[in-house]
Each structure stands twice: as structure tokens, then as C-alpha cells.
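> Submitted below is the structure of interest, expressed as C-alpha cells.
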Amino acid sequence: MISQRPRRPTLKTTMSGPKVSELQQKLHDLGFKITVDGVFGDETLAIVTQFQNQQGVNTDGVVVPTTHNMLQYCLEEQEFNKTNNLSKSETKSKYPEVYIPFEYYSFKHIKELIMYFEGKMLEAYICPYGKWTIGYGHRGPELKEGMKITEEECLELLKVDMYKAITGVMKCLKVPLNSHQIDALVSFTFNNGVEVLAES
């Protein structure tokens, strides 16, 4: 059965309770200096507005689903970068600013799936599609016969290609899916390309 998107309450000034505490904790985990007291006061309003401004969403200080989703995205991105030893500057320079509804998805599952199915080759070879390929299924015009890469370069290519596949899937999604379904779609897109997914 397809999982449904969890409903997230609108949070704003004068409100209090565990949902406000959860919001404050997420902002704290993202590096904002905020008191986790369960009270949506002036401090929380200022920091929420600052976060919204940074992410390019409505800067009215009211936490609606768009802000909830962006918080979740930033937390998942932070965990992904930490797990893969990727710095903030590397993320900003290599990955586009996109919104991904991470209620449905976590980065931690897909990397192992792609590595398992694609396999690793540190020297360029011609894949069954007739294209030069290297690393974990990376294809590109820069590849040529005899080209070799290191283990580190192999993982770096995987990060970039994996992110492209994930963002491509998220842009094509029209209905909520569970993590296993998204894993399968990302693996398919990683191997075949976003254009093929969009036409399927």
C-alpha cells in the first residue's frame, strides 16, 4: 500500500506544546541558536523567518507544510553530507538548490542499492548501451578508452550522479510513494536517465 504524506500542523506565534518543541529542536540541530522550550515566541519567530529567508520560502514566520518540508530536507541533506564526508561548500558548488519531499525518503538506503546493482569499475569500459562508463555506472562525454579513476574519484562521481537521479525522480513524482518504491525509481533513473523516466 502506498504510504500517505503525514499531516503537519501550522505553527505560529502564541502557540505552544510538543510540536513547537519539535520545530525548535530541528532548527537547533541545523545550527540555529534557539531555546527549545515549546513556546513560539519572538525568538522562535525571528529564527523561523531567518530560516525561511535562507531557503527562499514564504518569510512570514508561519510554519506551513512548505517550511516543514524544507526543514526535513535540510536535516536529511546535513546527515547525507556528514555520512559521505561532504563539506557544505562542496554541496553548494556541486548540487543544485532543489526541494525534495523527504517525508517519504532518506538518502541512507539508495547509496548501497546503487553500488550493489551497478558494480564498481575503476577503468572506462563500454556498457551494454554502447556508451563509455566508469565507476558506479557513470557515463559522460569526458570518458574515453584507457581512462582510469581512483577510489575517491569513483565515490565522488557516485555522489553527483546519485543526487541527479534523486532530484530527477522527485520532480517527476505526482503521488506519494514509500521509500522502497522511490529506491527502485532512483535506481532505474540512475541507470537510464531522467528523460527515460519522464517518458515512462
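Bear in mind these aren't lab numbers, they're just calculated from the coordinates by the rules spelled out. None of these values were measured; they are calculated from a predicted model. All Cβ positions, glycine included, derive from the backbone under ideal geometry; neighbour counts span all protein chains shown.
> Give the calculated FRET efficiency between Q50 and E79 to the nearest 0.05, with a Förster radius of 30 Å applied to their Cβ-Cβ distance.
Efficiency at R0 = 30 Å is approximately 0.90.
> How far apart, in nanometres, would the label points at E142 and L113 be if each is projected 7 angstrom from Cα along the Cα-to-Cβ direction?
Reported label-point gap for E142 and L113 is 2.7 nm.
> For K19, list the aspartates and glutamates whose Cα falls under 20 Å from its own Cα; do not include residues on the same chain fewer than 8 positions away.
Cα-Cα hits under 20 Å: D29, D37, D42, E43, D60, E76, E103.
> Length gain on complete extension for the stretch A198 to E151, per 0.36 nm per residue less the alpha carbon to alpha carbon distance?
Numbers: separation 47, 0.36 × 47 = 16.92 nm, distance 3.19 nm.
Difference between extended and current length: 13.7 nm.
> Given R₀ = 45 Å, FRET efficiency for F188-D42 by Cβ-Cβ distance, to 0.05? Can you show the working numbers first?
Values: r = 48 Å, r/R0 = 1.07.
Given R0 = 45 Å and the Cβ-Cβ separation, E is 0.40.
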